[in-house]
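The values are calculated or read from the model by the stated rules, or taken from the named source; none is laboratory data. Since the model is a prediction, treat every value here as computed from it, not as a measurement. Note that we place each Cβ from the backbone using ideal geometry, even for glycine, and neighbour counts take in every protein chain shown. The area values use the complete protein model at the heavy-atom level, side chains included, leaving out ligands, DNA and RNA. Shrake-Rupley method; radii C 1.70, N 1.55, O 1.52, S 1.80 Å.
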Amino acid sequence: MNQTDSGYLLGDRIEGTIERIVPGGLGLLRGPRGVVFVERSAPGDRLQVEIDEMRSGVARGSIVRILEPGPARIEAPCPWYGRCGGCDFQHLEYRAQVEAKRQMLLDALVRIGGFDLLPEVEIFAASHPFGSRARIELHTDQEQRTIGFFERRSSSIVPVDRCLVSRPELNSAVDVLRRSTRPYPASISLASGNGVVRSAPAFPPIDGGAFWLRIAEHEYLVDPGSFFQSSLDLLPALIGRVVGTDEPGGEVAWDLFCGAGLFSFPLAARFHKVVGVDSDARTIRSAVKGAERNGIGNTVFIAADSLDWISGRKQRDFRPDLIVVDPPRSGLGARLADRLSNVEVRRLIYVSCDPATLARDLKRLAKSSYRVVDIAIFDLFPQTHHVETVVRLEHR
């Protein structure tokens, strides 16, 4: 039967007011038979909502009619908004977007992490809420000769002619791709920086392959087909927060999920030795080349799973002065979090792109031997619900 645990049926229509935005970017509405999560809603919205999806017995709905808009609701500037599956916060004033992300983080830390006393969250807002994204992934329909982004809740292609959150050079590159008569691959990744645009795979006249990108004092080898941060404006501030220029250095730092060395290179100026570990061999090769280009001789980069590496005999009884972890959206996981708890490092910096998995992992770390010292969020993904968080922990 198409019924939620709370008693709603698919197709039911209800009215109610959005209390707040919860992790995942959905609005929370308390209806007559329980909570409903509503897409693209704003705090204070009074809405008519139709139940159109159920996940694990929880009702999700779409807006049928805005009866009374909340104070932060605005008209989304993108004509594709709501159809394109990329942005989901354009209907919110930018200040409200950042506040919603702060609330989402706190909600996850309290509800999932079980924290009741937390330091004040410092906020680093985007200086350019539009036009700052430096990496995009395009999808294609070869039969229809269309190129764009996936439609919301679909694998259909939305042929967005100009993406408002992307840098101008990326939009120009998409125009070049769209005019091409060459066969399209299934997907194309584009990366830009320092006036350069590269694609993966190469799609003439757009060159493929990696390029050098300067951020603050260092150059990084960026491969458009591998992970690198998609918004560049806040990266110097993010690096400074992670590296901790006001904190003492030490002998050894571990940089787990190190990628192309975003944190490893500046850490090398503060520690006698930095060990970077990442399971992606391509990014490890980029990190090695980057260390050579920047004249850094006290880093070691290892292509390995972080859990396997930290569980090795050589690392088992070794205590670095600092560990930095920057895992994917899935987080550390129980086994790696437990291993880190046993290392008894003096300082641990957790960089997260998902509040829910961050809260889950912090709960395990705090339960064993660490305490949360400070928290900051960096809005690397404006116009979306995604948020980057940096948490500093110290051993008890």
Subject >> nm² value of the averaged projected area, convex hull over the Cα atoms of the chain >> reply: 20.8 nm²
Original post:
Hey, any idea what the orientation-averaged projected area of the convex hull of region 212-338's Cα atoms comes to, in nm²?
Top reply: 7.7 nm²
Original post:
Which chymotrypsin sites (Phe, Trp or Tyr not before Pro) does region 310-396 hold that lie in a coil by DSSP with at most 14 other beta carbons within 10 Å?
Top reply: Phe318
**OP:** List, in order, the whole-Hz ³J(HN,Hα) value for each residue of region 187-196 obtained from phi through the Karplus relation with A = 6.51, B = -1.76, C = 1.60 and θ = phi - 60°; use x for Gly and Pro.
**Re:** 8, 9, 9, 10, 9, 9, x, 6, x, 10
Original post:
Which percent of Cα pairs goes in each bin when the distances of region 312-356 are cut into 10 angstrom slices starting at zero?
Top reply: 25, 54, 20, 1
Subject >> region 176-273: GluC sites (Glu not before Pro) falling in loop per DSSP and having at most 16 other Cβ within 10 Å >> reply: Glu217
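Rg to Rh for region 65-196: what is it, with Cα atoms only and Rh by Kirkwood?
Details: Rg = 18.3 Å, Rh = 17.4 Å.
We get a ratio of 1.05 for region 65-196.
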**OP:** Could you pull the Cα extents of region 183-267 along its three principal axes, largest to smallest, in whole Å?
**Re:** 54, 23, 16
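Which of the GluC sites (Glu not before Pro) found in region 1-76 are in a DSSP loop and have at most 10 neighbouring Cβ atoms, other than their own, within 10 Å? Before the final figure, lay out the partial values.
On the way: sites: Glu15, Glu19, Glu39, Glu50, Glu53, Glu75; in loops: Glu39, Glu75.
Of the GluC sites (Glu not before Pro), the ones in loops of region 1-76 whose Cβ has at most 10 other Cβ atoms within 10 Å are Glu75.
When the accessible area of region 103-144 is split by element with a 1.4 Å probe, what percent falls to carbon and sulfur?
Working: 1130 of 2400 Å².
Here it works out to 47 percent.
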**OP:** Report ³J(HN,Hα) in whole Hz for each residue of region 136-148, in order, from the Karplus equation J = 6.51 cos²θ - 1.76 cosθ + 1.60 where θ = phi - 60°; Gly and Pro get x.
**Re:** 9, 10, 9, 10, 10, 10, 5, 5, 8, 6, 10, 9, x
**OP:** Starting from 0 in steps of 5 Å, tell me what percent of the Cα-Cα pairs of region 299-396 lands in each bin.
**Re:** 2, 13, 24, 25, 18, 11, 5, 2, 0, 0
Original post:
Considering only protein heavy atoms, what per residue accessible area in square angstrom results for region 1-86 with a 1.4 angstrom probe?
Top reply: 51 Å²
**OP:** Amide H neighbours of Glu388 under 5 Å, at least 5 residues apart or on other chains, H built in the peptide plane: list them.
**Re:** Phe378, Leu380, Phe381
Subject >> Quotient of Cα Rg and 2.2 N^0.38 Å for region 1-90, N being how many residues it contains >> reply: 1.05
Original post:
Where both partners of a DSSP beta bridge lie in the chain, what percent of those bridges are antiparallel, to the nearest 5?
Top reply: 70 percent
